[in-house]
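One structure is given below, encoded as structure tokens.
Values quoted throughout were computed directly from the atomic coordinates according to the rules given, and no laboratory measurement underlies them. What you see is a predicted model; the values in this text were computed from it and never measured. Reconstructed Cβ throughout: ideal geometry from the backbone, glycine too, with neighbour counts over all protein chains shown.
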Amino acid sequence: MPQAIVMPKLGNTVESAIILSWHVGVGDPVQMGEALCEIETDKATLEVESSASGILLARFFEAGDEVPVMQNIAVVGRAGESFDRLAPVPAAPAEHAAPRVSHDHSDEKPADKVLISPRARNLAGRKGIDYSETAGTGPAGRIIERDIRALIDRQVKMSPVAKAMLASGEYQIADKGPIDKRITKSDLAPSMPGASPELKAMPLTGVRKTIAKRMLESMQRTAQLTLNTSADASSLRGFRARLKSSDEALGLRGVTINDLLLFAVARTLPAFPELNALYENDRILQHARVHLGMAVDTPRGLLVPVIRGAESLSLRVLSCEANRLAAACRDGDVLPDELAGGSFTATNLGRLGIESFTPILNPPQVGILGIGSINLKPVERAGAVAHVPHIGLSLTVNHQVVDGAPAARFLAQLRKNIASIELLLAL
Amino acid sequence: MPKSLTIDPREARQRSLLRAPEIPVNAYLSDPGAEAERYDSAELVNIYHDMRLIREFELVLDGFKKAGSYRGIEYNHLGPAHLSIGQEAAAVGQCLHLGPEDYILGSHRSHGEILAKGLSAIRVLEDDCLLDIMENYMGGAALRVVEGIDDFSDIESLAQAYLIYGTYAEIFARATGFNRGMGGSMHTFFPPFGIMPNNAIVGGSADIALGMALFKRINRKPGIVVANIGDSSVASGPVWEAMNFAAMDQYHRLWDARLGGAPPMLFNFMNNFYGMGGQPQGETLGFGMLARVGLGVNAAAMHSERVDGYDPLAVADATRRKKEVLLAGQGPAMLDVITYRYSGHSPSDASSYRGRDEVEMWREQDSIRGFGAYLRANSHADNQTLEDINALIGEKITRIAAAATDLGTSPRLHVARDEIGAMMFSDGRADALDDREADVTQPMAESRFEVTSNKHRFGLDEGGKPLPKLKTLTYAEAIFEAMLHRFYQDPTMIAFGEENRDWGGAFGAYRGLTEAIPYHRLFNTPISEAAIVGAAVGYALAGGRAVPELMYCDFMGRAGDEIFNQMAKWQAMSANALRMPLVLRVSVGMKYGAQHSQDWSSLVAHIPGLKVYFPATAYDAKGMLNLALRGTDPVVFFESQRLYSQPETLFAGGVPVEYYEIEEGEPYLHRPGSDITIVTIGATLYRALEAAERLRREQGLSAEVIDARFLNPLNYEPIIQSVRKTGKVLLASDASERGSFLHTMASNISQLAFDFLDAPVAVLGARNWITPPAELDESFFPSADWMVDIIHERLLPLPGYQPRTRQGLAEIMTRNRAGV
């Protein structure tokens, strides 16, 4: 009888492991206890030993495959023995033509669908609980009742009377320290007299609704880390002054400080592919080109049009394109395609006097650069303090996939490039 | 084996020879003079009339089946029509000396026997009695139609038309038929005329007829019972079992002589020489002549003889003589009545198995034509009289057939109103099925009840410690008390099976009954499971309460037809004209390996028409058996050998001494909880309680434990209530998992409580293997460990828990792929 080798269950919380490499090839003899392959879980790397002696008849998965625990991964037996019934049942067509690559149906999570029991869904519906970000503790990670109960417990609860009072708009939660358990009538105080007529209720629609959703999602789904620094803006300013006074025929007079910064970012990013990347579906997609998003403030709200292939554009062309897209956004005739497909974003609040801030990522992008205002910064030069204009730079990265050091290295390079912007233009 | 019968080795080892009686073959000699003395001309002409009527009746069916019309009536008959054209003399001759109190049971080919028996009963019964029967049977539905067909000059011709109409309407599946269409061509019957169930399973009537004969003997009722079965059925197990069961020595040696001896049972083989297409005589069997088989059964050779079934007077003579033997208690009797059908087995029969010339030879000897010639030759009737009879029958049959095929006058049942569902069970309650005094051999106060009633009625002391088992009422003794109670209440109740007397059943549940109950109410049977259940079916249909026992559940296979096709079906097939107060006690084994340890409750729960009970505690055993023994429906009553010696430890009040009943279909909640529900069937209850206790102790979880107690009927309400509360449910039983009744429960729960489920319903049964030897029990039957493991894997992962066995969902896939 051929014997199945299963992906061992390595602990209560381990649901799957990745095969790093195979030590034994199909057709090779193997002894009981011999290491068959190396696997990696979220916690450790270890070896799967053969539980039988014989010939390795089949390997159901390739190195790199993630395999649910207790799933058959290989078969050991006598040469020529049939082992079909031990093969995992094939799921969707496999990407590579490995023999019968498959997943255990029981552990398979339908794409984009939260696995939740009818009871838990029912309870969540009744209590108005959003469970989309919850990790289930049921079999195969299913969200079960206790998970929803846990969410409910974390919510600040409100008595029905308090709820009705708040909904009337005539009351608000009184400012008398933290509320630990449940908001009741006694926690409410009348709103400021005559306050309500001044309130203007506006339903969220269109761009605002999308922004609201995306900003929240961004904060919930990514681990954001913001690094603040500033770059010497002397040459930036000088160069900008020269452009402004240049021959009109050159068409460079309209180039702004912001355009120069976009140019610097576009030229710096190609050396830092980990920042010019997307993170989705457990994969990192690094872009070869820089599709640079730029945040534009419009009456409808924030829009982020994308300058395609920005790393290859000349300053003049890039400036024109930025100008055109910003105008299109403000006029409301920007195309949907012009708002999609960015690989990195820059946002500028410097013109409004903000020195530094924490930009919010635009997922699945993993980086966003906030540009602050230019301020004089005391710098020690030859033993004396000089006041040098510096422009604020705030880089937010998704710390899930970008570590702090590479982000800092990018900022360092960017700082250097801004400080000597003319040299960058010469490249 | 009673101690009063000694097996003497000297006698057993004695050299001698067996001498057997001679078997008469066609011994009857026609003697017109003697016959004219025995029967007057009118009686003899009636024989002709009845044979002609049967022939005409079946020609109509033949026309409908083959041509879709007969004498201008267009009708497409969808159901079966196994015709007996050519066999009329055997049917009519038999009934000449049978009264309404005598029962006949037939086969799929029994239209002729039904009509012959009915016509003979009508001639015997008084007018007011006939009217009473017709008015009251099924609310007079058939009578209403018949009264509209003609103005009948006398009650006898009205009753004849009623008989013909009721039979046709039954064959055509009409609500006005004798069994509201539920019996049909192969099962039509009419108890008031002694026409009892006709059986479409070959030989099926033999053991059922025996049960009716037992009923007559034990309850001192008049009449004999005739099983009209085919020649090839003699080779079927149940027929052979019934013949031996009918011939037991104990009727003469051990039973109260005042009862009158052996059951009055006539095995009447309608020998038409074909079992569908195979020929028992010459091809498929080796008896040479069927009548020989009687030699193998008892010293009297069952009084067997071969009779010429083409001469109605020869058949009448033989039946009359056998009836005398039977009424004298000297049964059983056996007749090999040779006859022949010209018609095929069924309309699709191309007669590939017999030559045209063979059929022609028999046609030339046609009994109706022959008997007409006999009547004319001996001046009992002239040609004109016979012609008039023919014409009258033709006209009458045509009009009745027209009424029976007309959907306006003869409608079908309203299936939409679930009229069929309403017939599946009689749901009656009867303390006694007769009002005479019950035969017992000691007052109840002196019986073993005196001992059991003084035992501890609850198995634990106040501190929760077990009391001595011998001083505490056990599950087996709870069964005993319920049986004893009903034995004293209901004079018709009998119990039988292997080792029931003296031994008290293999597991001692009947210990103490031998002393209290006489032989004819509690007796040992041959090891003939089919006949044990079949005889009980007949006994119950005849009006008594029967409690057969199968020593091991695994032996149900030996009684498969009797349980699945007979016990389950006859109430509805009779349209509730008959009831089935039958409790089949079945013991689920343990520690005896693959053929003695199976829980087959799922098999019977699958069969419509059976009630299925499975008590798991002494309290339920008594209360549920009390319930079953007062009902009027067939109940398969499962008991577990794990439990026989167990005292009551769950119902705090213990087992009441007095009579009580459990409400039918109600599960019982033994342990309330809020986190998870465990529903069990049978003895897994205790393992579930153990698992619940471990969940509490080790995981702080609160498990609710419910014993289903009933498989059918079953009130899901309490189970659903629990699942709505906990959202997680595990079902467990000792039956093998594949096809287990638990899956029916799981499916129902999933549908009834879908939005409340926190995980799919988990089903835990025994493995889909043979039951291994006792030493490996743990690998096969669900344990508390398995229960906690499956809860962890499928319902609610338990923090820090390491399962001991593989119960994950992947196992379902793997095991099914391997077929185990």
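Can you give me the long-range amide H partners of B:T525? Hydrogens built in the peptide plane at 1.01 Å from N, cutoff under 5 Å, separation of 5 or more residues or another chain.
Amide H neighbours of B:T525: B:G497, B:E498, B:E499, B:N500.
If a paramagnetic tag sat 7 Å from the Cα of B:F287 along the Cα-Cβ line, which residues of region B:4-36 would have the backbone N under 15 Å from that point?
Under cut-off, by backbone N: B:23-26.
What number, rounded to the nearest 500 deg cm²/dmol, is the helix-based mean residue ellipticity at 222 nm of chain A, given -39500 (n - 2.57) per DSSP H run of at least four residues and division by all its residues?
Estimated from H runs of four or more residues: -7500 deg cm²/dmol.
P(r) for region B:609-710: what percent of alpha-carbon pairs falls in each 5 Å bin, starting at zero?
That works out to 3, 13, 22, 23, 18, 12, 6, 3, 1, 0, in percent per bin.
Taking chain A as a Gaussian network, where each spring joins two C-alpha atoms under 10 Å apart, which residue of A:L57, A:L243, A:L115 fluctuates the most?
A:L57
With a Förster radius of 41 Å, plug the Cβ-Cβ distance of B:N816 and B:V451 into 1/(1 + (r/R0)^6) and report the FRET value to the nearest 0.05.
0.20
I need the trypsin sites (Lys or Arg not before Pro) found in region A:225-280, filtered to DSSP loop residues with at most 16 other beta carbons within 10 Å of theirs.
A:R253
List the equivalent ellipsoid semi-axes of the protein assembly as shown in whole Å, largest first, each obtained as the square root of 5λ for an eigenvalue λ of the Cα gyration tensor.
Here the semi-axes work out to 89, 37, 31 Å.
Give, to the nearest whole percent, the P(r) tail of region A:206-426 beyond 32 angstrom, counting all Cα pairs.
Details: 3707 of 24310 pairs.
The answer is 15 percent, as a whole percent.
Summarise the long-distance tail of P(r) for region B:34-76 by giving the % of C-alpha pairs beyond 16 Å.
Above the 16 Å cut-off, region B:34-76 has 51 percent of its Cα pairs.
Got a sec? Which residues in region B:300-333 would a label at B:R19 touch, if it sits 7 Å along Cα→Cβ and we count backbone N under 19 Å?
B:300-304
Against the longest alpha carbon principal axis of chain A, how many degrees, from 0 to 90 and to the nearest 10, is the axis of helix A:206-221 turned?
50 degrees
I'd like the orientation of helix B:717-726 relative to chain B: the angle between its Cα long axis and the longest Cα principal axis, in ° from 0 to 90, rounded to 10.
30 degrees
Putting +1 on Lys and Arg Cβ atoms and -1 on Asp and Glu Cβ atoms, find which of B:G294, B:A213, B:M265 reaches farthest to the positive end of the dipole of region B:180-317.
The one lying farthest along the dipole's positive direction is B:A213.
Other chains' Cβ within 10 Å of B:811-817 residues: what's the mean?
Per-residue shielding by partner chains comes out at 3.
Can you give me the three principal axis dimensions of region B:430-482 from its C-alpha atoms, in Å, biggest first?
If we take the Cα atoms of region B:430-482, the spans are 48, 24, 16 Å.
Taking amide H atoms as placed 1.01 Å from N in the peptide plane, list the residues 5 or more away in sequence, or in a different chain, whose amide H sits under 5 Å from that of B:S736.
B:D599, B:A766
What FRET efficiency would be calculated for the residue pair B:Q751, A:A167, taking the C-beta separation as r and a Förster radius of 30 Å, to the nearest 0.05?
Plugging the Cβ-Cβ distance into 1/(1 + (r/R0)^6) gives 0.20.
So how compact is region A:355-413: Cα radius of gyration and Dmax in angstrom?
That works out to 14.5, 46 Å for Rg and Dmax.
How would you rank B:378-389, B:206-217, highest first, on the average number of other Cβ atoms within 10 Å across their residues?
Numbers: B:378-389: 14.7, B:206-217: 30.0.
The densest-packed peptide leads the list: B:206-217, B:378-389.
Kirkwood Rh, region B:358-438, all Cα pairs: how many Å?
Values: mean 1/r = 0.0536 Å⁻¹.
Taking every pair of different Cα atoms in region B:358-438, averaging 1/r and inverting gives 18.7 Å.
Share of Cα-Cα pairs in region B:209-328 beyond 25 Å, in percent?
24 percent
Could you tell me whether region B:490-557 comes out rounded, prolate or oblate from its Cα gyration tensor? Rule is a ≥ b ≥ c as square roots of the eigenvalues, rounded for a/c under 1.5, then prolate if a/b exceeds b/c, otherwise oblate.
Oblate, since a/c reaches 1.5 and b/c is not below a/b.
Take the Cβ-Cβ distance between A:A174 and A:T298 as r, set R0 to 30 Å, and report the resulting FRET efficiency rounded to the nearest 0.05.
0.20
Testing the spin-label approximation: label points 7 Å from Cα along Cα→Cβ at B:S348 and A:I354. State their distance in nm.
With each label placed 7 Å out from Cα toward Cβ, I get 8.5 nm.
How about A:K209: which lysines have a C-alpha closer than 21 Å to its C-alpha, ignoring those fewer than 8 places off in the same chain?
A:K200
Order these peptides, B:13-25, A:335-347, by their mean beta-carbon neighbour count within 10 angstrom, highest first.
A:335-347, B:13-25
Can you give the Rg to Rh ratio of region B:294-415, both from alpha-carbon atoms, with Rh computed by the Kirkwood formula? Mind dumping the intermediate values first?
Numbers: Rg = 20.5 Å, Rh = 18.8 Å.
A ratio of 1.09.
What's the ranking of B:470-483, A:277-290, B:738-751 by average number of surrounding C-beta atoms within 10 Å, highest first?
B:470-483, B:738-751, A:277-290
Report, please, the projected area of chain A averaged over directions, based on the convex hull of its C-alpha atoms, in nm².
31.7 nm²
Once you have a ≥ b ≥ c as the square roots of the Cα gyration tensor eigenvalues for region B:725-804, tell me rounded if a/c is under 1.5, and otherwise prolate or oblate according to whether a/b is larger than b/c.
oblate
If you find the alpha carbon centre of region B:759-777 and of region B:611-626, how far apart are they in angstrom?
So the separation of the two Cα centres works out to 24 Å.
Report the charge-dipole magnitude of region B:444-640 in Debye, nearest 20, computed about the Cα centre from +1 at each Lys and Arg Cβ and -1 at each Asp and Glu Cβ.
My answer is approximately 280 debye.
Which stretch or stretches of region B:209-252 have amide N atoms under 18 Å from the point lying 7 Å from B:M276's Cα along the Cα→Cβ direction?
Under 18 Å, as judged by backbone N against the label point of B:M276, lie B:229-239 of region B:209-252.
Kindly provide the pair-distance distribution of region B:382-508 built from C-alpha pairs, with 5 Å bins from 0 and whole-percent values in order of increasing distance.
Final binned percentages: 2, 7, 9, 10, 10, 8, 7, 7, 7, 7, 6, 6, 5, 4, 3, 2, 1, 1, 0, 0.
Using every pair of alpha-carbon atoms in chain B, split the distances into 20 Å bins beginning at 0 and state the percent of pairs per bin, rounded to integers.
Values per bin, smallest distances first: 15, 42, 31, 11, 1, 0.
What Rg and what Dmax come out for region B:40-411 when only alpha-carbon atoms are used, in angstroms?
Rg then Dmax for region B:40-411, in Å: 19.9, 62.
For B:E358 paired with B:H743, estimate the spin-label separation in nm (one decimal), with each label point 7 Å from Cα along the Cα-to-Cβ line.
Inter-label distance under the simple model: 4.6 nm.
Under a no-solvent Debye model with one identical scatterer per Cα of region B:668-818, what's log10 I(q)/I(0) at q = 0.10, 0.13 Å⁻¹?
For region B:668-818 at q = 0.10, 0.13 Å⁻¹, log10 I(q)/I(0) is -0.31, -0.53.
Dividing the Cα convex hull volume of region B:444-640 by residue count, how many Å³ per residue is that?
In region B:444-640, the Cα hull volume divided by residue count equals 119 Å³.
Just report the Cα centroid separation between region A:300-366 and region B:213-265, whole Å.
Measuring centre to centre over Cα atoms gives 102 Å.
How far is helix B:367-377 tilted off the main Cα axis of chain B, in degrees rounded to 10, range 0 to 90?
The answer is roughly 30 degrees.
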